[in-house]
1. Can you spot a residue in region 49-63 that is surrounded by 17 or more Cβ atoms within 10 Å (Cβ to Cβ), at pLDDT 95 or above and more than 13 Å from the chain's Cα centre (by Cα)?
2. Any chance you could count how many residues in region 113-133 are more than 24 Å from CYS91 (Cα to Cα), more than 10 Å from the ligand (Cβ to nearest atom) and either touching a Ser or Thr at 6+ places or on another chain (Cβ under 6 Å) or part of a loop (DSSP other than H, G, I, E, B) (or both)?
3. Tell me which of these PRO43 doesn't satisfy, since it passes every other one: (1) exposed (fewer than 14 other Cβ atoms within 10 Å of the Cβ); (2) within 16 Å of the ligand (Cβ to nearest atom).
4. All but one of (1) at positive phi; (2) surrounded by 12 or more Cβ atoms within 10 Å (Cβ to Cβ); (3) at pLDDT 95 or above hold for GLY77, so report the exception by its number.
5. Consider region 71-95. How many of its residues are assigned to a strand (DSSP E or B) and farther than 21 Å from PRO129 by Cβ?
Amino acid sequence: MPQSPTRIGGKVLRIDRDGKAAAGNNAPSGFDSRIFAYGFRNPQGITFRPGTNQPYTAENGPWHSDEVTALVAGGNGGWDPRPNMSGRGACPDNYCGYSPNQMGAVDPKVRSDFMPMTDLRPYPKAMRPAWNN
Ligand SMILES: [Ca+2]
């Protein structure tokens, strides 16, 4: 869902008081125009930098790689837990978000099936986190 152009899961929406897309969202062609940024696992917090009003989100990773991301209009957060992406194979229940397994805080250079919160392999232009752990 996070990379879907039409489903709103895994997205940050920016709307006006009537629920319509706000001007300047810059969603990619074919995307729901309410989408400001996409490709997230679970953005649970948002704040705006004083002076610039740039939005920052905070989200939790799957046992590793929590992230704070400075959002840009139309930006991709790089989360894509679909099977058969980036050299991954099949995953239980067609969801690779817990790969390789729980407590899997492993170095992605060691495990090719590591599921990064910002997967630069298929999305080299994804927004890099401003902070992660
Ligand atoms: Ca990310």
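The values are calculated or read from the model by the stated rules, or taken from the named source; none is laboratory data. Keep in mind that this is a model prediction, so the values were computed, not measured. When we count neighbours, we look across all protein chains shown, and the Cβ atoms used for this are built from the backbone with ideal geometry, even at glycine.
1. yes
2. Residues meeting the conditions: 3.
3. With (1) exposed (fewer than 14 other Cβ atoms within 10 Å of the Cβ); (2) within 16 Å of the ligand (Cβ to nearest atom) applied to PRO43, the lone miss is (1).
4. Result: GLY77 fails condition (1) only.
5. 0
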